[in-house]
């Protein structure tokens, strides 16, 4: 079995050359987020000029290893044109070799109005794809696969998601945005059959839930970037046999403070509550951004390091707070060699509270901007009265 795991690790590493590539596709209308920059094996441009850009996903994205699919093939096609009122179409197919399953997802985005201050954008997306339950805090599948091979477990839950989504994004000001979306989805929980055949522990849910569900979810979000965001979601029962019937409200505050001759302090506070839950599927619980790796689809400074996957996912209320102090003249950053490389030091603290979780605390120290793209940190945490760590983590810079 040990030889088998080493062999699996060797294959996973060789099939996942894009460890420095941000694997989660970020549409052009989204704000930039922290993840490994695309500095290696970046998208290949088939054609590019001032008006048209046609590209393929990195060649390293073609052969993959997924905890659920096993070995698979994947690629992505994106075309973008009309830079005055940008239109973008993307299509991403993937084929699972062992299960002989073909998945695909497509997205069309277009501005119907755009000037220097206001814009109106329509987005259509749909398909059938294998998706992690912990939306929107997606983990990189390749790195998770390597961790799974080493640990012999698969911590993530996956669903086969058939969906169609319509979204309107209205920019009312350079910093004020309104977003309205409706999504119908038919979801089916998928076990990690590949790992079970290799005597790996399956990705069992922390609490039982129905393996299938249908949901019609409408959301409303108002943002004054980057300071304040309020989000409301409503699950409506009855539409195309939708079972969901819940109300959810979340608000988030984010603020940076610059201190002269010292550095910067970033503060994030996010709080949410399910106001009503006549029917709420585990897929729609609030799942915390957490994991053993910092390569994610969300900012590094608002990610937990020690919080277990799904164990404290909640259908009630939650509070999160993240504070990071970034300094350019603290301890190691005073050294000439580090100062010349613009290495910054960070002290950070993360706190989480739910109805099931006593105040969870983790804190750490990090060096940022190593070779301009990396972050090295040491972190410890306290969960349910027990100290965790310390753990050393290499991740993307939080700059």
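The values are calculated or read from the model by the stated rules, or taken from the named source; none is laboratory data. Everything quoted here is computed from the prediction, not taken from an experiment. All Cβ positions, glycine included, derive from the backbone under ideal geometry; neighbour counts span all protein chains shown.
Tabulated data
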read-out: Single unsatisfied condition, residue 102 versus (1) in a strand (DSSP E or B); (2) surrounded by 14 or more Cβ atoms within 10 Å (Cβ to Cβ); value: (2)
read-out: Some residue of the stretch 368-386 being closer than 20 Å to residue 259 by Cβ and not in a loop (DSSP other than H, G, I, E, B); value: yes
read-out: Residue that is nearest to residue 268 (Cα to Cα), among those in the stretch 310-323 that are crowded, with 21+ Cβ neighbours inside 10 Å and at pLDDT 95 or above; value: 322
read-out: Test: residue 108 is modelled with pLDDT under 85 and surrounded by fewer than 19 Cβ atoms within 10 Å (Cβ to Cβ); value: no
read-out: Residue in the stretch 337-349 that is farther than 24 Å from residue 393 by Cβ and in contact (Cβ under 8 Å) with a residue 24 or more places away in the chain present; value: no
read-out: Filter result for residue 130 (touching a residue at least 60 places away in the same chain (Cβ under 8 Å), farther than 30 Å from residue 85 by Cβ, in contact with a strand residue (DSSP E or B) (Cβ under 6 Å, 6 or more places away or on another chain) and outside any strand (DSSP E or B)); value: no
read-out: Residue check for residue 339: exposed (fewer than 15 other Cβ atoms within 10 Å of the Cβ) and outside any strand (DSSP E or B); value: yes
read-out: Test: residue in the stretch 207-224 that is in contact with a helix residue (DSSP H, G or I) (Cβ under 6 Å, 6 or more places away or on another chain) and either assigned to a strand (DSSP E or B) or buried (at least 19 other Cβ atoms within 10 Å of the Cβ) (or both); value: yes
read-out: Residue in the stretch 163-185 that is assigned to a strand (DSSP E or B) and more than 28 Å from residue 229 (Cα to Cα) present; value: no
read-out: Among residues of the stretch 262-281, those that are closer than 14 Å to residue 325 by Cβ and either over 18 Å from the mean Cα position of the chain (by Cα) or outside any strand (DSSP E or B) (or both), counted; value: 6
read-out: Any chance residue 81 is modelled with pLDDT of 85 or more, assigned by TED's automatic domain parsing to the domain that holds residue 67 and more than 24 Å from the chain's Cα centre (by Cα); value: yes
